[in-house]
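Some notes on the structure that comes next.
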Amino acid sequence: MMERKLKIISNIMATAVLAMFLWWAQTNLGAYHTQILNLIAVNIILALSLNLIYGFTGMFSLGHAGFMAIGAYTCSILIMTPAQKEMLFILQKAYPWVQEAGAPFVVAVVAGGLIAALVGLVVGAPLLRLGDDYLGIATLGFAEIIRVLANNIPRITNGALGFKGIPGYANIWWNFGWCLFALYFIVRIVNSNFGNTLMAIRDDEPAAKAMGINIFRYKLLSFTIGSFFAGIGGALLASLVSTIDPKMFLFTLTFNVLMIVVCGGLGSLTGSVLASIAITILLEWLRFVENPIFIGDFELKGIPGMRMVVFSLALLFIILFRREGLMGMREFRWEWLLGLFRKRGEVK
Amino acid sequence: MKPEVILETRKLTMRFGGLTAVDDFNAKIYKGSIVGLIGPNGAGKTTCFNMISGFYAPSDGRVLFKGADITGTPPHEVCRAGVARTFQNIRLFGNGTVLQNVMVGCHVRQKTSWWQTVLYLPSNLKEEKAIAEKSRGLLKVFGLEHLAGEKAKSLPYGAQRRLEIARALATEPQFLLLDEPAAGMNPQETNELMGFIRDIREQFKLTILLIEHDMKVVMGVCEHMWVLDYGETIAEGPPESIKANPKVIEAYLGEEAIADA
Ligand SMILES: Nc1ncnc2c1ncn2[C@@H]1O[C@H](COP(=O)(O)OP(=O)(O)O)[C@@H](O)[C@H]1O
Ligand SMILES: [Mg+2]
C-alpha cells in the first residue's frame, strides 16, 4: 500500500499538469479544438454520473437527458439578462419571476444541479422501487415527460423555440474545474465504504439487505447524486453551445452518455474518463462520414446521422465481444504507474 | 438462575397460496446455545429463516428477539438489531474483493456518513481505516487474510462459505442464522466446520441457529433441535432423543427412499 501523502501529492501534480495543458490550449488552440476540449470535460461529468447510477449501483436508468434538460434550462434562465429574455419570449411573455431571475454563473450551475437533484429525489422515490427492466422504461418515460413539459410551458422555457444566445461563460476553466470536482466527488464516494455498499447492492440485493443496508435509501441517494451531476453537465452544456430547445434533449443525448459508460466499462471511473475523451474526439472526427465523399468522379452523398449509426454498430460489437468495456472494472492507480517504473528499474 | 431466552417464535406460520410451508413453529432459543433446525428438502427450514430475518412477513405468529417483537421488521433493521444470517445458495458480492465484502458487513455499525467521506473529514478517514483493520482481523480468524485482495467470486467453494460467515460476523450480531453451511462439503471439511462454529460461538459470544439437511452432521454440535417435515414440527429435543424418535426416522427414511429411487 502506498502512503496517502504521496497519493495526494501525485494527484496535485497531475492537476497542475492538466492546468498547464489547459493554459497552453487556451493560447494555442483555435475555437474548434477548444470546443472539443470543453465537450470532453462535460462528457466526463455526464459519464461519471451515469456510471455511479448504472455501473456502481446497478440501476439501469435512461433518464439522463431529462436531468440535463433541467440543469440546462435552470442555468440559462439565471444567466440570461432580463433584456435578452424580453427579446426571446416573443410569443408569450415569461412569468415575472422567470423574467427577473438572475445569478452569477457559478450559482446558476449549482442551481441547475440542485434542482435536477431535487427532481431526481422526487421521481426516484417511486421509480426505484421498480425492478430493473421497468426502471429503464420508467426513467426513459420521465425524460420524455420533461421534454414535453419544456415544449408546453412556454412562459418558462419559451416552448419549442427554446433559448438563443445564452452567455458563453462556460470556458475551459469552468468546465474542467467542474469536471475535476465531479471526479473528486465520485472517486471519494466509490472508494469509501459507502461505495462498497453501493457495489454490494448492485451485486446482490438480498445479501445487501441481510448486511443491514437500507437499499432503497442508498439507491435513492446514489440516484440523487447522479442526477445532481447530470444537471451540472446540462447547465455547462447550455452555456457551451449557447442554444437550447426541447429537441436537443431527445433520447439520443442519453444514448451518447450510455455509450461512453458502456464502452469505458461499467464500474470503472477510469474507463469513463478515457472513453469520454476517445468518443468525443471520434464523434467529431466521424463527421466526415456525413459529408459528401468523392471516389474519383463518383459522389457518395453524405447521410445525416450516419456517425450515430457507425457508433451504434461499434457499441453492438463491444457488447458482443467485450462486454466489460475498455477497462472492465479496473481503475487507474498511482501504485500501478509506479510499479511500471519499478519493474524497469529492476531490469537495469 | 434460569438461562435467558434470546429468540422466541410463537405460532410462526407461512402460507404461499394453498401451500403451508411452515405451520405453527414454536421455538425458544437460549442465549449462548447452538441449536439446529433439520428436516428433509422442502420441509420449510429456509422459510423459517426468512421469517425470522425479515425477508418474509409471516402469515401468522410472532418473532421475539431479546423480548422485543420483530415480526415483519425489514431485513436491514433485523440485522441492526443483532441478527445476522447466511444463505443456502451462497450470496456474496461477487465483483467486490474479499476485504470489501467484509467491510460492507461493518457498514451497519459505521457512524460517519458518505458526505463526511466527500469532505475528507479526519473522523471519517479514521473510521474507514478502523473498519478495514477490523475486517482484516476477521479474515484472519477465518484463514482468508491471504485472499483479501481477490475477487469474491474467484474463491473456491469452501472459502466462499467461510467468507459469507465472516461477513455476517462483521455486522456484530448476537444471534447468527446459518443456512446449510456444510452443503457441498466432504465429511472431513464438515467436521472442521462444526468445530469452527463452536469456536466462533465462544469468541464472538454468539447464539447460533443452524439449518442442516443431513441430520448426522449436526448431531455432534447442536444442543437442541427442531425437526420439520412438510412445514410441521414433528419433533423437538436434544440430539439423543431426536435420533431415537420414530417420526423422525420415518421422515428421513421416506427421503432416502426417494433419493435411492
Ligand atoms: N417465496 C416462495 N413462494 C412460494 N413457495 C415457496 C416460497 N419459498 C418457499 N416456498 C415453498 O415452501 C416450501 C418450503 O421451502 P424451504 O423453506 O425452502 O424448504 P427447505 O429450506 O426446508 O428445503 C417448498 O415447498 C417451497 O417450494
Ligand atoms: Mg433450504
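The values are calculated or read from the model by the stated rules, or taken from the named source; none is laboratory data. What you are looking at is a predicted structure, and each value in this text was computed from that prediction instead of being measured. Heads up, the Cβs are rebuilt from the backbone with ideal geometry, glycines too, and the neighbour counts pull from every protein chain shown. Heavy atoms of the whole protein, side chains included, go into the accessibility calculation; ligands, DNA and RNA do not. Shrake-Rupley method; radii C 1.70, N 1.55, O 1.52, S 1.80 Å.
Residues of the range B:116-147 with accessible area at least 20 Å² lower in the all-protein-chain context than alone (1.4 Å probe)? SASA drop of 20 Å² or more in the range B:116-147: B:Thr117, B:Val118, B:Tyr120, B:Leu125, B:Glu128.
Peptide B:84-92 has a mean shielding of 3, counted as Cβ atoms of other protein chains within 10 Å of each residue's Cβ. Result for chain A in a Gaussian network model with C-alpha springs under 10 Å: among A:Asn43, A:Asn175, A:Asn291, the largest mean-square fluctuation is at A:Asn291. Per-residue accessible area (protein heavy atoms, 1.4 Å probe) orders B:Lys216, B:Lys247 as B:Lys216, B:Lys247, starting from the largest. Along the axis of the charge dipole computed for the protein assembly as shown (Cβ charges of +1 for Lys and Arg, -1 for Asp and Glu, origin at the Cα centre), the listed residues B:Ala81, A:Leu62, A:Ala16 are led at the positive end by A:Ala16. Under the criterion of Cα pairs below 8 Å and six or more residues apart, the relative contact order for the range B:1-146 equals 17 percent.
If you find the alpha carbon centre of the range B:136-182 and of the range A:72-146, how far apart are they in angstrom? Rounded to whole Å, the Cα centres lie 47 Å apart. By the helix-only formula, in which each DSSP H run with n ≥ 4 contributes -39500 (n - 2.57) and the sum is divided by residues, chain A has a 222 nm mean residue ellipticity of -23500 deg cm²/dmol. Each stretch of four or more DSSP H residues adds -39500 (n - 2.57); spread over every residue of chain B, this sum gives -12500 deg cm²/dmol at 222 nm. Take chain A, connect every pair of alpha-carbon atoms lying under 10 Å apart with a spring to form a Gaussian network, then pick out the residue of A:Ile319, A:Ile12, A:Ile279 with the largest mean-square fluctuation. Its mean-square fluctuation being the largest, the pick is A:Ile12.
The DSSP beta bridges internal to chain B are antiparallel in roughly 55% of cases.
Suppose every K and R has +1 on its Cβ and every D and E has -1 on its Cβ; what is the size of the dipole of chain B about the Cα centre, in Debye to the nearest 20?
Values: 30 positive and 31 negative charges, 237 e Å.
That gives chain B a dipole magnitude of about 1140 debye.
With the charge dipole of chain A set up from +1 on Lys and Arg Cβ and -1 on Asp and Glu Cβ about the Cα centre, the Cα lying farthest toward the positive end among the listed residues A:Gly131, A:Gly71, A:Thr197 is that of A:Thr197.
Normalising the Debye intensity of the protein assembly as shown to I(0), with uniform scatterers on Cα atoms only, and taking log10 at q = 0.06, 0.11 Å⁻¹ returns -0.42, -1.06. At 0.692 mPa s and 37 °C, plugging the Kirkwood radius over alpha-carbon pairs of the range B:94-163 into Stokes-Einstein gives what diffusion coefficient in µm²/s? In µm²/s, the coefficient rounds to 258. Based on the alpha-carbon gyration tensor of the range A:224-319 and its eigenvalue square roots a ≥ b ≥ c, which shape applies: rounded if a/c is under 1.5, prolate if not and a/b is larger than b/c, or oblate? It is oblate, given that a/c is not under 1.5 and a/b is not larger than b/c. Rounded to the nearest 10 degrees, the angle from helix B:157-170 to the longest Cα principal axis of chain B is 70 degrees. When chains B and A come together, the accessible area they lose, probed at 1.4 Å and totalled over both chains, is close to 2800 Å².
For chain A, relative contact order (Cα pairs under 8 Å, six or more residues apart, normalised by length) works out to 28 percent.
Measuring between their Cα centroids, the range A:1-34 and the range A:172-231 lie 25 Å from each other. The alpha-carbon atoms of chain B define a convex hull whose volume equals 153 cubic angstrom per residue.
Compute the helix-to-body angle for B:246-260: its Cα long axis versus the longest principal axis of chain B, expressed 0 to 90° and rounded to tens. Long axis of B:246-260 versus the principal axis of chain B: about 80 degrees. Shown here for the range B:92-143: trypsin sites (Lys or Arg not before Pro) in loop regions (DSSP other than H, G, I, E, B) with at most 12 other Cβ atoms within 10 Å, namely B:Lys111. Among A:Ile260, A:Ile215, A:Ile244, the largest mean-square fluctuation in a Gaussian network model of chain A, built with springs joining Cα atoms closer than 10 Å, belongs to A:Ile215. Dipole size of the protein assembly as shown about its Cα centre, with +1 on Lys/Arg Cβ and -1 on Asp/Glu Cβ: approximately 1860 debye, rounded to the nearest 20.
The residues of chain A expose, per residue, 49 Å² of accessible area to a 1.4 Å probe. Heavy-atom accessible area for B:Glu250, with the other protein chains in place and a 1.4 Å probe, reaches approximately 130 Å².
Computed on the Cα trace of chain A, the radius of gyration divided by the Kirkwood hydrodynamic radius gives Rg/Rh = 0.99. FRET efficiency for the A:Val17 to B:Lys243 pair, using the beta carbon distance and R₀ = 60 Å, is estimated at 0.25. Over the range B:94-163, Cα pairs under 8 Å with separation of 6+ residues give a relative contact order of 50 percent.
Taking the Cβ of B:Asn124 as the centre, find all other residues whose Cβ is under 11 Å away and add up their charges (Lys, Arg: +1; Asp, Glu: -1).
Net charge around B:Asn124: +2.
In Å², what does the accessible area per residue of the range B:94-163 work out to with a 1.4 Å probe? Solvent-accessible surface per residue comes out at 47 Å².
At 1.4 Å probe size, with no ligands or nucleic acids counted, give the accessible surface of A:Glu86 in Å², nearest ten. About 100 Å², ignoring ligands and nucleic acids. For the protein assembly as shown, the carbon plus sulfur part of the accessible surface works out to 63%, probe radius 1.4 Å.
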